[in-house]
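Colleague: Here you go, one structure.
The values are calculated or read from the model by the stated rules, or taken from the named source; none is laboratory data. Bear in mind the structure is a predicted one, so any value in this text is a computation, not a measurement. Glycine gets a Cβ as well: all are built from the backbone with ideal geometry, and neighbour counts include every protein chain shown.
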C-alpha cells in the first residue's frame, strides 16, 4: 500500500495498492508480448502516438499539475510549467526523432558498412518524486520512439502522478503493454532487473539507489543509465551582470524548494564582487515568498516530506557545528514540511557536509580569489552533474568549459534541461545521457551491416 501525504498540510491525499508478485509477472509478460510487435512498428505509428500523448497532457494540464503539487509540494505555477515541458518533450521526439534513427553509411576497405539503430527490448525506469512527470517523460518519449517498451517504478510519494501518466498514455491509444506503471516498492526492483525479459534499466535518484541498481544491472550484464545527485557550482566573476546573477541564483535555490539535481547549490564568487553579491543574494533569499503552493504569486511551497525537510535541517546543524554561519534556513512551525530559504557562509570546503548535496532551499556561498581558485572549488566535490558560470570574458568562459568537471555547463543563465540537448553527469553524478539523439540512442542496438561494394 502507498499513501500520498500532502506536504503542505500533512494530510493524507490518496492511497494506492502495491502490485503483488503475480501482478508483476503478468506485467512482464505483457511487456514481452508488446515488444515483439512494437519493435517492428512503423516510425510513423510511433511518432503519431507521441503526438497523441502530448495532446493528452495538454488537455489534462491543470489536473496533472494539481496532482503534482498536492503530492510533493511544488508550486502550481512550476507544476504547470513542468507539464508544458513534457508536452514539448513528446512533440520534439515526434517531430525530430525519426531523423535520429536514419541509417548511416560509411566506406570500408572491402566495401560499405551501414549502421542501423534498432530497439533492445523492455526498459525499466526507476524515477524520483522531484519532477514526477518530466523525469519520466525524458525516458518514456525516446523509449516509445526507439521501438522499446517501458516499465515504470515511480517514487512512493508520487504514485498519483504515476497513475496519471499511465492514463495519458492509454488514452492516447498506446497498444497494451507499450507502457506500464508498476506500483511496486524498491525491494522488487532487483528481481525485475534480473528478469531475462528486461533489456536495460535507467535510474534518476540518490547515490545509494544508483549503486544498488548498478549492482543489479551489472550482475545481469545489462545496460544502465544513472542520473544521480549534484552539488552544482554557480561561479560569479567580476565582469558578470551581478543583478542577473543574483536573480538566477535565488531561482536556482528555491525552485522546487531547492529539490532539483541540476540547480546551483554552491555559489562561488570572486573576491572583487563577493560582498556585493552576498548582500543582494541574502536579502533576496530572505524575501522569498513562501506559502500555499496552490496560490498565485508563491515562490516556494513546502519540501516534499517532513523527512526530507528534517534531513536538510540536520545538515544545517552539522554545518553550524563546524563553524559555518547560517542566515534563514529555519523550520517553519506549522503542519507540513515547511522551512525558510537560507544562506550558509564561512563554510569549510573540507567539512563532511560541504561534500554533500543539500536537497533543500539553502545555498552555500564561497569566496574565490581568482579563476583558478574558483575552478578548484567548483571541482572539489564528488559530484559532476551541472554548473553555471557568470562572466563576460570569453577567455574565462573557455577556461570554465575546459576545466569545470561537469556533464553540463550554462553560461550567464541558470542551468535547465531541454529536449534538444544531452543531459547527464560525470564522477558520482552518474553516467550515460538522456534527451536529444543521445538519450534516444542509449537503449538501442547500433548494428553494423557489412555490405560488398557492388560498384
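Colleague: Looking at (1) surrounded by fewer than 20 Cβ atoms within 10 Å (Cβ to Cβ); (2) in contact with a strand residue (DSSP E or B) (Cβ under 6 Å, 6 or more places away or on another chain); (3) under 30 Å from residue 306 (Cβ atoms), find the lone condition where residue 70 falls short.
Modeller: (1)
Colleague: Could I ask something else about it? Taking into account only those residues within the range 325-353 that are farther than 30 Å from residue 4 by Cα and touching a residue at least 60 places away in the same chain (Cβ under 8 Å), which is nearest to the chain's Cα centre (by Cα)?
Modeller: For the range 325-353, the residue satisfying everything is 343.
Colleague: Would you mind finding the one in 440, 385 that is crowded, with 22+ Cβ neighbours inside 10 Å and in the same structural domain as residue 39 (by TED's automatic domain parsing)? Outline the logic, then answer.
Modeller: Details: 385 fails: in the same structural domain as residue 39 (by TED's automatic domain parsing).
When all the criteria are applied, what remains is 440.
Colleague: Turning to a different aspect of this structure: Considering only residues that are farther than 19 Å from residue 41 by Cβ and either assigned to a loop (DSSP other than H, G, I, E, B) or not assigned by TED's automatic domain parsing to the domain that holds residue 86 (or both), which ones fall in the range 161-207?
Modeller: 182, 183, 184, 185, 195, 196, 198, 205, 206
Colleague: Sort through 425, 436 and tell me the only one that's under 23 Å from residue 211 (Cβ atoms), at pLDDT 95 or above and in contact with a strand residue (DSSP E or B) (Cβ under 9 Å, 6 or more places away or on another chain). Spell out how you get there, then give the answer.
Modeller: Values: 436 fails: under 23 Å from residue 211 (Cβ atoms).
Just one listed residue meets the conditions, 425.
Colleague: Now for a separate question. Considering only the range 369-382, state which residues are surrounded by fewer than 24 Cβ atoms within 10 Å (Cβ to Cβ), more than 23 Å from the chain's Cα centre (by Cα) and within 26 Å of residue 228 (Cβ to Cβ).
Modeller: 375, 376, 377 - these are the residues of the range 369-382 that are surrounded by fewer than 24 Cβ atoms within 10 Å (Cβ to Cβ), more than 23 Å from the chain's Cα centre (by Cα) and within 26 Å of residue 228 (Cβ to Cβ).
Colleague: Out of the residues in the range 1-20 that are loosely packed, with under 12 Cβ neighbours inside 10 Å and without any contact (Cβ under 8 Å) to a residue 60 or more places away in the chain, which is farthest from the chain's Cα centre (by Cα)?
Modeller: So in the range 1-20, the residues loosely packed, with under 12 Cβ neighbours inside 10 Å come out as 1, 12, 15, 17, 20.
Among the residues that remain, those that are also without any contact (Cβ under 8 Å) to a residue 60 or more places away in the chain are: 1, 12, 15, 20.
Values: 1: 26, 12: 26, 15: 25, 20: 28 Å.
Only one residue fits best here, namely 20.
Colleague: With a cut-off of at least 1 residues that are out of contact with any helix residue (DSSP H, G or I) (no Cβ under 8 Å at 6 or more places or on another chain), name the helices (runs of 4 or more DSSP H) lying wholly within the range 50-149. Give the steps one after another, and end with the answer.
Modeller: Values: elements: 61-72, 76-96, 134-146.
Correct list: 76-96, 134-146.
Colleague: Then there is this: Please work out if residue 246 is over 19 Å from residue 353 (Cα atoms), surrounded by 23 or more Cβ atoms within 10 Å (Cβ to Cβ), outside the structural domain of residue 439 (by TED's automatic domain parsing) and out of contact with any strand residue (DSSP E or B) (no Cβ under 6 Å at 6 or more places or on another chain). If you could, list the steps in order and put the result at the bottom.
Modeller: Numbers: over 19 Å from residue 353 (Cα atoms): yes; surrounded by 23 or more Cβ atoms within 10 Å (Cβ to Cβ): yes; outside the structural domain of residue 439 (by TED's automatic domain parsing): yes; out of contact with any strand residue (DSSP E or B) (no Cβ under 6 Å at 6 or more places or on another chain): yes.
Yes, satisfied.
Colleague: Let me ask something else. Is at least one residue of the range 269-285 buried (at least 17 other Cβ atoms within 10 Å of the Cβ), closer than 27 Å to residue 66 by Cβ and in contact (Cβ under 8 Å) with a residue 24 or more places away in the chain?
Modeller: If we filter the range 269-285 for residues that are buried (at least 17 other Cβ atoms within 10 Å of the Cβ), which is where we start, we get 269-270, 273-274, 277-278, 280-282, 284-285.
Those still in the list that are closer than 27 Å to residue 66 by Cβ too: none.
The answer is no, given that none of the residues of the range 269-285 is buried (at least 17 other Cβ atoms within 10 Å of the Cβ), closer than 27 Å to residue 66 by Cβ and in contact (Cβ under 8 Å) with a residue 24 or more places away in the chain.
Colleague: Let me ask something additional. Tell me the residue from 14, 44, 26, 52 that is in contact with a strand residue (DSSP E or B) (Cβ under 6 Å, 6 or more places away or on another chain) and either in the same structural domain as residue 71 (by TED's automatic domain parsing) or farther than 20 Å from residue 199 by Cα (or both), please. Explain how you work it out, then say what you get.
Modeller: Details: 44 fails: in contact with a strand residue (DSSP E or B) (Cβ under 6 Å, 6 or more places away or on another chain); 26 fails: in contact with a strand residue (DSSP E or B) (Cβ under 6 Å, 6 or more places away or on another chain); 52 fails: in contact with a strand residue (DSSP E or B) (Cβ under 6 Å, 6 or more places away or on another chain).
Of the residues listed, the single one that is in contact with a strand residue (DSSP E or B) (Cβ under 6 Å, 6 or more places away or on another chain) and either in the same structural domain as residue 71 (by TED's automatic domain parsing) or farther than 20 Å from residue 199 by Cα (or both) is 14.
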